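Structure first, then comments.
The values are calculated or read from the model by the stated rules, or taken from the named source; none is laboratory data. Note that the coordinates shown come from a computational prediction; the quantities given were computed from them, not determined experimentally. Cβ coordinates were reconstructed from backbone atoms using ideal geometry, including for glycine residues, and neighbour counts include every protein chain displayed.
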Amino acid sequence: MGDTAKIQKRLASPIFIIIFFLFLTFIFYSGLFLDFSTKIPDGDHNDVKNILTIISHSIHAPLSRIYHLPVLYPESYMLARTHPLFGVSLIFKIFSLFGLSLVQSYNLYIIFALLTGAAGCFLLARELSGHILLSLFTSSLYIIHQKNTLFFVWLNFLSLFYMPFIFYLLIRFARTKKRGHLWGAAFLCFLQFLASIYYGVHLWVILLPAFVGAALLLKLILPREMESAVLAFAAAFLLILFVFYPFMAQTQSGLSGAGEQELVNVPDLFHYTKLSHLFTPKPDTPAWMYFFPGFTFLFLLLYVPVAHINRIHLRRILFCTMAALTVLISVLFYRQPLIAEILFLMFLAAVVYSLARGWKNMDPPVRAVTFTFGVFFLTLFRFTHIPLLRSLSLYDVLNRFLPLEGLRDVQRVFFMGLPLVIALAAVGGAVFLRSRPSFSLRKQGVLLFVLLILMGAENIRFVKQRDMMQPLERIDPAAYEKISADPNVVLLEIPFYFDKPDKNAIYSLNWNIHRASLLNGTCSVPPKSFDLLSVIDFHQLEFPSDAKLRLLLEKFSVTHVLIHWDRLETYNPDSAAAMRTNIHTIGDFGRIVSDGRDHTLLEVGERVPVRRIIRTYSQYDLRDKPIAVRLDHSYEGNVNIFLNHHLVQSGRLSGTEFSIDLRTWPLSASGNRVEIHFQNPVSVSSVGPRQKSSPSAILVE
């Protein structure tokens, strides 16, 4: 017994656990380590660039332009315009402080997320099952699961690693009554929201209420202890509101109901594995889209409902029934989907009956976790072929009150139930092993090692792991050397990809070099919304011209245009040929700053005297700073200022510069057109939001 206790103690040591999970990560994703500094996981690389541009911007931009707290910034900004990667970017910021590149940080984040999530699942599984070996085995699924490769692109969905720690701390609080566990769980709930709004909302709206309700009913948490719980989670919720209110307020207007295909249904669960497609046509949907990765883990999980039934024969009958139904559903779904759904309904009935028979024998924390996952599953699940059940969905009701349109992507969100499933599988396996005293620790280790190999064989991608990696394409930084380091610079890069807008994200990867606002990237868009198609045509055949440059200047405040000839040749050779001709015809509203074989830089502005200066600015720019106007020569005469076609200021100017303060005027979130009318033509030197060192002269009324 002493040797057994010593072995278990070693297995439970943090160093062994980290080494074990690190080894598994290397086996399944060796490219993350072997190409750590040069390549990133293969995927939709336009999406990868989109994610990385947001993260890169958050690392280098001022705080007020990243986290847009209500006290700092009145509308949602960079990180809230697409994927709100607040928590992910925070970890990348820490990596950057240690000198890691964007590629290195990307790979390290994936490794960190897998190791941390698996370690959290181990703690939760051990807390519920009390079995170290089984906890190691089941928590390995967190690393092995094929869906991870999808989330290597969408890092906000990869950031599930807070979840197991949250429920581990809640269970520890229920058992020890230590408030530190409670406050730790509440803080992690905030961090989970910060890392992924989609996970965070479902955590707060479904999982937490279900667990706390079950804990109260089971007397894991007594009513007198709820005061501490309410205080802790109220503090975390207020912190969430403080950070996220602008994002929620901006996106709430875009809500729409959940569709049938967006909820979880039978084929999203376990109908396809590398074994089952031997008997049924291989589906179009990749294997990593399914929740249960093969039969090895699933059969272990099937023991959970029957584990606490006292009658051995009934336990065996129910287990065999559920196992047979699982195989039938896997084989029949693409042949007879209606019959498969009916069989799944029978499967659910067998699960509920089994749980009811052994409910009183289960530990209260296990019951609470089982109930929580059951509520989560029933809320997100929908039958698609059974007529009477097809129209029923709890999520359709819930979706009306959720504040984010992106929450309709339920199939990815359902993955957040994985830590609970892992812990429950450890419970079922522990009951199975303890009912067999003849299984020594060594035999258990051999058995679980064999099962681990089988589970890995069902999930590993049989390709060279390094082939899953590829370099991150970036534009040569030399293209941006001639762009002045002026915060009022607004840059448009050509070609603009109208057909696949995500391809424009490549322009943002070098944003930290020039720090200009990018009209066609994802960094610091000047007006909130814009339609470039109204200025440059789809193929950009007639661009550039003075007329089009003037429209860019007036509608989008563009100050520079950078043409990438190599990308334009690939996009449309005819466009490249036409543009090389057109570029030498401009003069009134643009000039060539740099002209080379790979790229050409144009500076946009009024290069002839004009009577009107027109610019369009975002709500943020006009609320933050006055507009400074500087002329080449002294001007004597009247000046009228129009905001969105309404006269807002008149005055007389004597000199070469003045400023316009529009902070007190009603501003539009979709862009604000500012017109400055002069009595006589003027030569414009510069126009833009004033910096602290700029002149503060104003018009004399």
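The rows are residues; the columns are (1) modelled with pLDDT under 60; (2) surrounded by 21 or more Cβ atoms within 10 Å (Cβ to Cβ); (3) at negative phi.
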position: SER253; (1), (2), (3): yes, no, yes
position: LEU275; (1), (2), (3): yes, no, yes
position: PRO286; (1), (2), (3): yes, no, yes
position: LEU300; (1), (2), (3): no, yes, yes
position: ASN310; (1), (2), (3): no, no, yes
position: HIS313; (1), (2), (3): no, no, yes
position: THR326; (1), (2), (3): no, yes, yes
position: LEU332; (1), (2), (3): no, no, yes
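Within region 235-250, is there a residue that is at pLDDT 85 or above, crowded, with 18+ Cβ neighbours inside 10 Å and either in contact with a helix residue (DSSP H, G or I) (Cβ under 9 Å, 6 or more places away or on another chain) or in the same structural domain as GLN411 (by TED's automatic domain parsing) (or both)? The answer is yes; a qualifying residue exists. Taken over region 617-639, residues that are surrounded by 21 or more Cβ atoms within 10 Å (Cβ to Cβ) and either closer than 19 Å to SER484 by Cα or in contact with a helix residue (DSSP H, G or I) (Cβ under 9 Å, 6 or more places away or on another chain) (or both) amount to 3.
As a summary of the residue check, TRP204 satisfies the conditions (1) buried (at least 24 other Cβ atoms within 10 Å of the Cβ); (2) part of a helix (DSSP H, G or I) except for the one numbered (1). The residues on offer are GLY184, GLY213, and the sole one that is farther than 25 Å from ILE91 by Cβ and either at pLDDT 90 or above or touching an Asp or Glu at 6+ places or on another chain (Cβ under 6 Å) (or both) is GLY213.
Taken over region 95-141, the criterion of being of a type in the set (Ser, Thr, Tyr) and closer than 20 Å to VAL450 by Cβ is satisfied by SER129, SER135, THR138, SER139, SER140. Of the residues that make up region 190-210, is at least one over 29 Å from ASP396 (Cα atoms) and either out of contact with any strand residue (DSSP E or B) (no Cβ under 7 Å at 6 or more places or on another chain) or touching a residue at least 24 places away in the same chain (Cβ under 8 Å) (or both)? No, region 190-210 contains no residue that is over 29 Å from ASP396 (Cα atoms) and either out of contact with any strand residue (DSSP E or B) (no Cβ under 7 Å at 6 or more places or on another chain) or touching a residue at least 24 places away in the same chain (Cβ under 8 Å) (or both). The set of residues in region 640-655 that are in contact with a Ser or Thr (Cβ under 8 Å, 6 or more places away or on another chain) and surrounded by fewer than 17 Cβ atoms within 10 Å (Cβ to Cβ) comprises ASN640, ASN644, SER654, GLY655.
When residues in region 498-551 are screened for being at pLDDT 85 or above, within 23 Å of the chain's Cα centre (by Cα) and not in a helix (DSSP H, G or I), 0 of them pass.
Taken over region 599-611, the criterion of being closer than 14 Å to SER557 by Cα and touching a residue at least 60 places away in the same chain (Cβ under 8 Å) is satisfied by GLY605, GLU606. Does region 154-169 include one or more residues that are surrounded by fewer than 23 Cβ atoms within 10 Å (Cβ to Cβ), closer than 30 Å to LEU447 by Cα, in the same structural domain as LEU394 (by TED's automatic domain parsing) and in contact with an Asp or Glu (Cβ under 9 Å, 6 or more places away or on another chain)? No, the conditions are met nowhere in region 154-169.
Quick grid of which residues meet (1) among the charged types (D, E, K, R); (2) over 22 Å from LEU420 (Cα atoms); (3) not assigned by TED's automatic domain parsing to the domain that holds PHE211:
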position	(1), (2), (3)
PHE333	no, yes, no
GLN336	no, yes, no
VAL352	no, no, no
ARG367	yes, no, no
THR372	no, no, no
HIS385	no, yes, no
LEU388	no, yes, no
ARG400	yes, yes, no
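In this structure, does LYS147 turn out to be assigned by TED's automatic domain parsing to the domain that holds ILE51 and on the phi > 0 side of the Ramachandran plot? Spelling it out, it is not the case that LYS147 is assigned by TED's automatic domain parsing to the domain that holds ILE51 and on the phi > 0 side of the Ramachandran plot. When you look at ARG591, is it of a type outside the set (Phe, Trp, Tyr), in the same structural domain as PHE538 (by TED's automatic domain parsing), surrounded by fewer than 20 Cβ atoms within 10 Å (Cβ to Cβ) and at pLDDT 90 or above, yes or no? In short, yes. Of the residues making up region 560-579, those that are touching a helix residue (DSSP H, G or I) at 6+ places or on another chain (Cβ under 8 Å) and either of a type in the set (D, E, K, R) or touching a residue at least 12 places away in the same chain (Cβ under 8 Å) (or both) are VAL561, LEU562, ILE563, HIS564, TRP565, LEU568, GLU569, SER575, MET579. Being at pLDDT 65 or above, part of a loop (DSSP other than H, G, I, E, B) and in contact with a helix residue (DSSP H, G or I) (Cβ under 8 Å, 6 or more places away or on another chain) holds for only one residue in PHE112, PHE16, PHE36, PHE95, and it is PHE36.
If you filter region 216-229 down to residues that are modelled with pLDDT under 90 and part of a helix (DSSP H, G or I), you find that the one that is surrounded by the most Cβ atoms within 10 Å (Cβ to Cβ) is ALA229. Do we find that PHE319 is buried (at least 19 other Cβ atoms within 10 Å of the Cβ) and in the same structural domain as LEU170 (by TED's automatic domain parsing) in this structure? So PHE319 passes the test.
Tell me yes or no: at least one residue of region 379-387 is within 32 Å of the chain's Cα centre (by Cα) and part of a helix (DSSP H, G or I). Checking region 379-387: at least one residue is within 32 Å of the chain's Cα centre (by Cα) and part of a helix (DSSP H, G or I). I need a count of the residues in region 115-145 that are polar (S, T, N, Q) and at pLDDT 95 or above. The total comes to 1.
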